[in-house]
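Enquirer: Sharing a structure below in structure tokens format, with a few things to ask.
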Amino acid sequence: MSKKEKIIHLESIVKNYQVGTQVVRALRSVSIDIYKGEYVAIMGASGSGKSTLMNIIGCLDTPTSGKYVLNGKDVSRMTDDKLAEIRNSEIGFIFQVFNLLPRNTALENVMLPLVYAGIRKSKRLQMAEETLVDVGLEDRMTHRPNELSGGQRQRVAIARALVNNPALLLADEPTGNLDSKISEEIMRLFADIHKRGNTLVMVTHEEDIAEHAHRIIRLKDGEVESDIINENPVY
């Protein structure tokens, strides 16, 4: 059996914030490895450190101390400009609030990361169309966000995250604004995306959503409380 390839290597990650005269210790020596092709849920109550950890994994913030290697690159001490490059090339973000441009069509929203990546227009168009077909929106490409349901808007956001074939998909409470029926549809889509070989890390506080993942990491008070394999994922 070939050796598994690490996508994420977090080693003794500490994150402190100065709030007035107080030091808030958001993460306390967190060490986690996530491998290529894994589907991982990160859970924790409010104040557990899961949002801070997501920001560090997503290269939106840097640790106070410790080491973070993403897909072979040490990003722990990168400048903001370098982190922005890494975010665009290595990570696909899926947010709770979709973050779609309201005046742009689904197709234009999905093409946006490819504009930043400097891909020519004809290629951008082809890649965005193919990705929208993959998420089941072939008949909604020219619709703007206000012409789409919540579930369809989240599918556009997922297509945008997938379009430049990132090393990592990072989902922050991806069903937080959706009803239970639509949430199930989105989680079924996540299962399909994972089966295609994508690495998926999902931050959630909902137990039933976390049960779709194949591995569940729980944080408490800025530390890893448990890290278990889910033997019976929902899909």
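Enquirer: Could you list, in sequence order, the residues of the range 108-121 that are of a type in the set (A, V, I, L, M), over 19 Å from the mean Cα position of the chain (by Cα) and in a loop (DSSP other than H, G, I, E, B)?
Expert: The first filter runs over the range 108-121 and keeps only residues of a type in the set (A, V, I, L, M), leaving 110-112, 114-115, 117, 119.
Among the residues that remain, those that are also over 19 Å from the mean Cα position of the chain (by Cα) are: 115, 119.
Passing the criteria: only ILE119.
Enquirer: Might you let me know whether the range 193-204 holds any residue that is of a type in the set (Val, Ile, Thr), exposed (fewer than 15 other Cβ atoms within 10 Å of the Cβ) and farther than 21 Å from ASN99 by Cα?
Expert: Of the range 193-204, the ones of a type in the set (Val, Ile, Thr) are 193, 199, 201, 203-204.
Add one more test, that the residue is exposed (fewer than 15 other Cβ atoms within 10 Å of the Cβ), and what stays is none.
No; the residues of the range 193-204 include none that is of a type in the set (Val, Ile, Thr), exposed (fewer than 15 other Cβ atoms within 10 Å of the Cβ) and farther than 21 Å from ASN99 by Cα.
Enquirer: Looking only at the range 144-167, filter to residues that are in contact with a helix residue (DSSP H, G or I) (Cβ under 6 Å, 6 or more places away or on another chain) and of a type in the set (A, V, I, L, M); which one of those is nearest to LYS36 (Cα to Cα)?
Expert: ALA167
Enquirer: Now a separate question. Would you say ASN109 is in contact (Cβ under 8 Å) with a residue 12 or more places away in the chain, buried (at least 23 other Cβ atoms within 10 Å of the Cβ) and among the polar types (S, T, N, Q)? Spell out the reasoning first.
Expert: Working: in contact (Cβ under 8 Å) with a residue 12 or more places away in the chain: yes; buried (at least 23 other Cβ atoms within 10 Å of the Cβ): yes; among the polar types (S, T, N, Q): yes.
Considered against the rule, which asks whether it is in contact (Cβ under 8 Å) with a residue 12 or more places away in the chain, buried (at least 23 other Cβ atoms within 10 Å of the Cβ) and among the polar types (S, T, N, Q), ASN109 comes out as yes.
Enquirer: On to the next question. Among the aromatic types (Phe, Trp, Tyr) and surrounded by 17 or more Cβ atoms within 10 Å (Cβ to Cβ), is that true of TYR116?
Expert: Working: among the aromatic types (Phe, Trp, Tyr): yes; surrounded by 17 or more Cβ atoms within 10 Å (Cβ to Cβ): no.
Considered against the rule, which asks whether it is among the aromatic types (Phe, Trp, Tyr) and surrounded by 17 or more Cβ atoms within 10 Å (Cβ to Cβ), TYR116 comes out as no.
Enquirer: Oh, and also: Conditions: (1) surrounded by fewer than 16 Cβ atoms within 10 Å (Cβ to Cβ); (2) within 19 Å of ASP227 (Cα to Cα). MET54 meets all but one. Number of the miss?
Expert: Failed condition: (1).
Enquirer: Another question, if that's okay. Looking at the range 1-106, what strands (runs of 3 or more DSSP E) fall wholly within it and have at least 3 residues that are at pLDDT 95 or above?
Expert: Working: elements: 6-19, 22-35, 39-43, 65-70, 91-94.
Per the criteria, 6-19, 22-35, 39-43, 65-70.
Enquirer: Could you list, in sequence order, all residues of the range 133-143 that are buried (at least 18 other Cβ atoms within 10 Å of the Cβ) and among the β-branched types (Val, Ile, Thr)?
Expert: The one that is buried (at least 18 other Cβ atoms within 10 Å of the Cβ) and among the β-branched types (Val, Ile, Thr): VAL135.
Enquirer: Also: Out of the residues in the range 25-43 that are of a type in the set (Val, Ile, Thr) and in contact with a Lys or Arg (Cβ under 9 Å, 6 or more places away or on another chain), which is surrounded by the most Cβ atoms within 10 Å (Cβ to Cβ)? So that I can check it myself, show each step before the final result.
Expert: Narrowing the range 25-43 to residues of a type in the set (Val, Ile, Thr): 30, 32, 34, 40, 42.
Subsequent filtering for residues that are in contact with a Lys or Arg (Cβ under 9 Å, 6 or more places away or on another chain) retains 30, 34, 40, 42.
Numbers: VAL30: 24, ILE34: 22, VAL40: 22, ILE42: 29.
Result: ILE42.
Enquirer: Looking at this structure, is ARG153 over 30 Å from HIS9 (Cβ atoms) and touching a Lys or Arg at 6+ places or on another chain (Cβ under 8 Å)? Give the steps one after another, and end with the answer.
Expert: Details: over 30 Å from HIS9 (Cβ atoms): yes; touching a Lys or Arg at 6+ places or on another chain (Cβ under 8 Å): no.
For ARG153, the condition - over 30 Å from HIS9 (Cβ atoms) and touching a Lys or Arg at 6+ places or on another chain (Cβ under 8 Å) - is not met.
Enquirer: Give GLU231, GLU130 a once-over and let me know the one that is over 21 Å from LEU112 (Cβ atoms) and either surrounded by fewer than 20 Cβ atoms within 10 Å (Cβ to Cβ) or in contact with a strand residue (DSSP E or B) (Cβ under 7 Å, 6 or more places away or on another chain) (or both).
Expert: Values: GLU130 fails: over 21 Å from LEU112 (Cβ atoms).
On inspection, the qualifying residue turns out to be GLU231.
Enquirer: Kindly indicate whether any position in the range 80-101 is surrounded by 14 or more Cβ atoms within 10 Å (Cβ to Cβ), in contact with a strand residue (DSSP E or B) (Cβ under 6 Å, 6 or more places away or on another chain), among the hydrophobic types (A, V, I, L, M, F, W, C) and farther than 30 Å from VAL234 by Cα.
Expert: No, there is no match, as no residue in the range 80-101 is surrounded by 14 or more Cβ atoms within 10 Å (Cβ to Cβ), in contact with a strand residue (DSSP E or B) (Cβ under 6 Å, 6 or more places away or on another chain), among the hydrophobic types (A, V, I, L, M, F, W, C) and farther than 30 Å from VAL234 by Cα.
Enquirer: Given the structure, is VAL163 surrounded by 18 or more Cβ atoms within 10 Å (Cβ to Cβ), over 24 Å from GLU85 (Cα atoms) and within 21 Å of the chain's Cα centre (by Cα)?
Expert: Numbers: surrounded by 18 or more Cβ atoms within 10 Å (Cβ to Cβ): yes; over 24 Å from GLU85 (Cα atoms): no; within 21 Å of the chain's Cα centre (by Cα): yes.
No, not satisfied.
The values are calculated or read from the model by the stated rules, or taken from the named source; none is laboratory data. Everything quoted here is computed from the prediction, not taken from an experiment. Cβ sites come from the backbone with ideal geometry, for glycine too, and all protein chains shown count toward neighbours.
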